[in-house]
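Asker: Take a look at the following structure, please.
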Amino acid sequence: MTRKALFTFQYWFGNPPWDTGITPPEVYQFLADNPPGRALDLGCGTGTNVITLAEHGWLATGVDYVPRAIRIARRKARRKGLAGVTDFHVGDALSPDSFQGEYNLILDIGCFHGFSDADAESYARNVSTHLVEGGSLLLYAHLRRGLGPGHGASEADLGKLGEFLTLAWRVDGKESSKPSAWFEFVKDQS
């Protein structure tokens, strides 16, 4: 079963464990520290974080490659009266077509760590091309320890982001059984 088929199956027949319906405190802290602008949530699932961004004054777009997740996200935004300041579409974070214009914030909670090593550079290029100068990539990722293949972002993958963006901060998770970290990468001003 492909990764996309697995995600689609999860949205049709269960509650995906990654789609908690809760915006993390790191996102709220970012919102407290930064003025509203345009935001893009890559791998937005059912739109929880896009809705939170919109409720804090952001024009927010969500992209996910599971059509059912996008339909649920649109429905949630309509119920909250946020259809005019949110936009959702089916797309892939590796496709330049998923990025429409420039953003002050690109949010990724759990998308990047699912890519192969070969896709990390394409992702980094897409993100950096569509961030405004001074814009941020706020990223949560599981980390891959050691040199072997598998789930999680490797230090080499993170280094590819560093070729295009500057690491502002990193906070490693406290769970040793599933290493993870939050990152903020910033696009330097010319």
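The values are calculated or read from the model by the stated rules, or taken from the named source; none is laboratory data. This structure is a prediction, so every number in the text was calculated from the model and none was measured. Quick reminder, even Gly has a Cβ in these numbers, built from the backbone with ideal geometry, and neighbours come from all protein chains shown.
Asker: Checking Val171 against (1) surrounded by 14 or more Cβ atoms within 10 Å (Cβ to Cβ); (2) over 21 Å from Gly37 (Cβ atoms); (3) of a type in the set (A, V, I, L, M): exactly one of these is not met. Which one?
Answerer: Val171 satisfies all of (1) surrounded by 14 or more Cβ atoms within 10 Å (Cβ to Cβ); (2) over 21 Å from Gly37 (Cβ atoms); (3) of a type in the set (A, V, I, L, M) except (1).
Asker: For the stretch 38-70, enumerate the residues that are part of a helix (DSSP H, G or I) and of a type in the set (S, T, N, Q).
Answerer: Thr48, Asn49, Thr52
Asker: Further question: With respect to Leu59, determine if the residue is surrounded by 23 or more Cβ atoms within 10 Å (Cβ to Cβ), at pLDDT 95 or above and not basic (Lys, Arg).
Answerer: no
Asker: Let me ask something additional. Go through the stretch 62-99 and give me each residue that's of a type in the set (S, T, N, Q), in contact with a strand residue (DSSP E or B) (Cβ under 7 Å, 6 or more places away or on another chain) and under 13 Å from Leu42 (Cβ atoms).
Answerer: Ser98
Asker: Ok, one more. I need a count of the residues in the stretch 90-108 that are modelled with pLDDT of 95 or more and either hydroxyl-bearing (Ser, Thr, Tyr) or touching a Gly at 6+ places or on another chain (Cβ under 8 Å) (or both).
Answerer: Result for the stretch 90-108: 6.
Asker: Another question, then. Looking at the stretch 88-134, which of the residues that are charged (D, E, K, R) and assigned to a strand (DSSP E or B) is farthest from Thr61 (Cα to Cα)?
Answerer: Taking the candidates together, the pick is Glu133.
This table checks each residue for (1) at pLDDT below 95; (2) aliphatic (A, V, I, L, M); (3) within 16 Å of the chain's Cα centre (by Cα); (4) part of a helix (DSSP H, G or I).
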| site | (1), (2), (3), (4) |
| --- | --- |
| Tyr140 | no, no, yes, no |
| Leu147 | yes, yes, no, no |
| Gly150 | yes, no, no, no |
| Asp157 | yes, no, yes, yes |
| Leu161 | no, yes, yes, yes |
| Ser177 | yes, no, no, no |
| Trp182 | no, no, yes, no |
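Asker: When the residues of the stretch 1-37 are narrowed to those that are in a loop (DSSP other than H, G, I, E, B) and modelled with pLDDT under 65, which ends up surrounded by the most Cβ atoms within 10 Å (Cβ to Cβ)?
Answerer: Only one residue tops the list, namely Pro16.
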